[in-house]
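Laboratory data are not the source of any read-out in this text; all were calculated from the coordinates shown. Given the structure is predicted, the values throughout are model-derived calculations rather than measurements. Methodologically, a virtual Cβ is constructed for each residue, glycine included, from the backbone with ideal geometry; neighbour enumeration extends over all protein chains shown.
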Amino acid sequence: MAASNLSVLTRTIRATGALTAHRAVTYAGVVPAAAAACAGFSQSTVASGALAPVDALGTTIAESGAAIAVGAALELDASGRVITRSAGVTVGRACAAAAGSGEFIEIMLIPN
C-alpha cells in the first residue's frame, strides 16, 4: 500500500543548502545533524535559495535510514532520514514499518 499523510501545518522555509524531499529540515533551512531537532520534513527536493514546503505538524512521509518497527520513536541520521531512536531528539513515531533504508513511511510528527 502506498504511503499517505495528513499534514496539519505546512510551513515555507527558505533552503540555505540543498534539500531532499521527505528528509528533515532545520528552521535555518539545512539538513540537521544526526540525533538533532528539526522544523519538519521537506515535501520537495529544492536547491539552495529556493522555498521548500515543510510539514511541521500532523503526519508526513519520511525516508527511512534503517529498518523501523511500527510505533517506534524516531530520531534523525546524518542525512535527515528517520531511524529508531536511541539517544537523540524524538522527532516522530512510525505509523508504518520500514524493512530497511530508503523506504518512504508515514510518521506522526512530534514538534521540537
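FRET efficiency for the pair A28 and A3, taken as 1/(1 + (r/R0)^6) with r the Cβ-Cβ distance and R0 = 35 Å, rounds to 0.80.
Report the gain in length on full extension from L57 to S101: 0.36 nm times residue separation, minus Cα-Cα distance, nm rounded to one decimal. Mind dumping the intermediate values first?
On the way: separation 44, 0.36 × 44 = 15.84 nm, distance 2.37 nm.
Computed gain between L57 and S101 is 13.5 nm.
Figure legend: label point modelled 7 angstrom from the Cα of T10 along Cα→Cβ; residues of region 88-112 with amide N under 19 Å from it are 104-111. At q = 0.16 Å⁻¹, what is the base-10 log of I(q)/I(0) for the chain according to the Debye formula with one equal point scatterer per Cα and no solvent? Please give it to two decimals. Ignoring solvent entirely, the Cα scatterers give -0.58.
Using the Cα centre as the reference, give the magnitude of the dipole from point charges on the C-beta atoms of the chain (Lys, Arg: +1; Asp, Glu: -1; all else neutral), rounded to the nearest 20 debye.
Working: 6 positive and 6 negative charges, 41 e Å.
Here the chain has a charge dipole of around 200 debye.
The label point for A18 and the one for S48, both projected 7 Å from the Cα toward the Cβ, are 1.1 nm apart.
Residues of region 71-91 with an amide N closer than 13 Å to a point placed 7 Å from the Cα of A35 along the Cα-to-Cβ direction: 75-78, 85-90. What is the distance in Å between the Cα centroid of region 1-25 and that of region 39-96? Between the Cα centres of region 1-25 and region 39-96 lies a distance of 8 Å.
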